[in-house]
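For reference, the structure discussed in these notes is given below.
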Amino acid sequence: MIPYLRSERLKLKRTFSAKLIFLVPIANVAFSLLMNPMYFVSNTVNWWSILFLPLMLALWGSLTHQKEQLASSYQGIYLLPVSLRNIWLAKLVVMGGYSLAAFGVYLLVMGTVGMLFTGENILTMVTLMSALVLWITTLWEIPLFLWIAKKWGAAAAIGINIVCAMGLGIPCSTRTFWWACPWSWSIRLMAPMAGVHPNGTLLAPGHALLDMRVLPVGIGLSLLLTVALSMLTMQRFGPQIRSGEGGR
């Protein structure tokens with residue numbers, strides 16, 4: 001598996017995908033600061049979960065697909081004596097690693113800017129755990145939108161993820177059936193973790209959305225869906241290639 005991971009990592013090295021690790025977190029922090037400096041931390045967490053993170057994940061799926069499409073329309077992979085499923089899995093793992101690296105940049109930039117403007121250290125254990133929860137609850141988007149980008153293109157991947165994140169994730173996250181909408185998981189779990197309402201305002205003590213019991217539910221559902229989508233797309237990737245349909 002290591003050679004597959006190295007190969008996928010080299011494909012993305014010095015590409016725009018690698019630059020997104022820095023560009024998107026910086027854009028998120030700058031946007032939040034310009035919107036309302038008084039609520040810098042809550043705005044940063046909120047906009048990261050509902051806009052910038054879904055955009056980044058969809059972009060990675062699109063750029064990863066376009067890299068293969070432009071190189072040889074996947075023919076360079078199809079003709080090699082390699083495991084197609086391992087290639088797909090390696091793509092998912094590398095994108096997951098990129099996502100984790102972006103979270104590191106996000107915390108570093110947010111902490112630095114927060115220190116400069118407030119004089120306080122905002123990189124607390126709660127902030128770090130919130131970022132970890134956000135990363136886990138959005139992992140399922142990687143296999144889904146890599147597959148959508150491969151099937152229907154970049155516009156479909158980006159458009160679907162942004163529309164669903166903002167059109168479904170935000171309203172569903174405050175309902176009792178929040179668990180039924182994957183796009184609401186990360187947003188809903190940020191309420192008790194960061195004390196931020198999905199609309200970006202701070203939650204008052206005792207608010208119903210501060211219930212910590214949603215954490216194991218959201219994290220568990222996300223891990224299950226990540227595994228299920230990874231296996232499903234991996235299985236679909238192989239047979240389509242073998243039947244000669246991968247390039248279409």
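What Cys residues in the chain have no fellow cysteine's beta-carbon under 4.7 angstrom?
Cys164
Report, in cubic angstrom per residue, the convex hull volume of the C-alpha atoms of segment 121-220. Write out the running numbers ahead of the final one.
Working: hull volume 11.2 nm³, N = 100.
Enclosed volume per residue, from the Cα hull, is 112 Å³.
For the chain, give the percent of accessible area contributed by carbon and sulfur heavy atoms, probe 1.4 Å, rounded to a whole number. Each step should come with its number before you reach the end.
On the way: 8330 of 11670 Å².
It is 71 percent, rounded to a whole number.
Grab the other residues whose beta carbon is less than 14 angstrom from that of Met1, score K and R as +1, D and E as -1, and report the net.
Net charge around Met1: +3.
Report the far tail of the P(r) of the chain, meaning the percent of Cα-Cα pairs longer than 35 Å. Display every interim value, and only then the final one.
On the way: 5101 of 30628 pairs.
Cα-Cα pairs of the chain separated by over 35 Å account for 17 percent.
Add -39500 (n - 2.57) for each DSSP H run of 4 or more in the chain, then divide by its residues: what number comes out at 222 nm, to the nearest 500 deg cm²/dmol? Working shown, then result.
Values: 11 runs with 175 residues, N = 248.
Counting only the DSSP helices, I get -23500 deg cm²/dmol.
In the chain, if the dipole is taken from +1 on Lys/Arg beta carbons and -1 on Asp/Glu beta carbons about the Cα centre, which of His65, Thr226, Leu189 is farthest to the positive end?
His65
What residue among Phe103, Met125, Leu144 has its Cα farthest toward the positive end of the dipole of segment 1-236, where the charges are +1 on Lys, Arg and -1 on Asp, Glu, each on the Cβ?
The one lying farthest along the dipole's positive direction is Leu144.
Show me 49-62, 197-210, 11-24 ranked by packing, highest mean number of other Cβ atoms within 10 Å first.
On the way: 49-62: 24.3, 197-210: 13.3, 11-24: 15.7.
Those peptides, ordered most packed to least, come out 49-62, 11-24, 197-210.
Can you give me the P(r) profile for segment 157-209? Cα pairs, bins 5 angstrom wide beginning at 0, each as a whole percent.
Result returned by the calculation: 5, 23, 29, 22, 13, 5, 2, 1.
So what is the accessible area of the chain per residue, in Å², with the probe set to 1.4 Å?
Averaged over the residues of the chain, the accessible area is 47 Å².
The values are calculated or read from the model by the stated rules, or taken from the named source; none is laboratory data. The structure presented is a predicted model; accordingly, all values stated were derived computationally and were not measured. Cβ atoms come from the backbone with ideal geometry, glycine included; neighbour counts cover every protein chain shown. We work out accessible area using only protein heavy atoms, side chains counted, and drop any ligands, DNA or RNA first. Shrake-Rupley method; radii C 1.70, N 1.55, O 1.52, S 1.80 Å.
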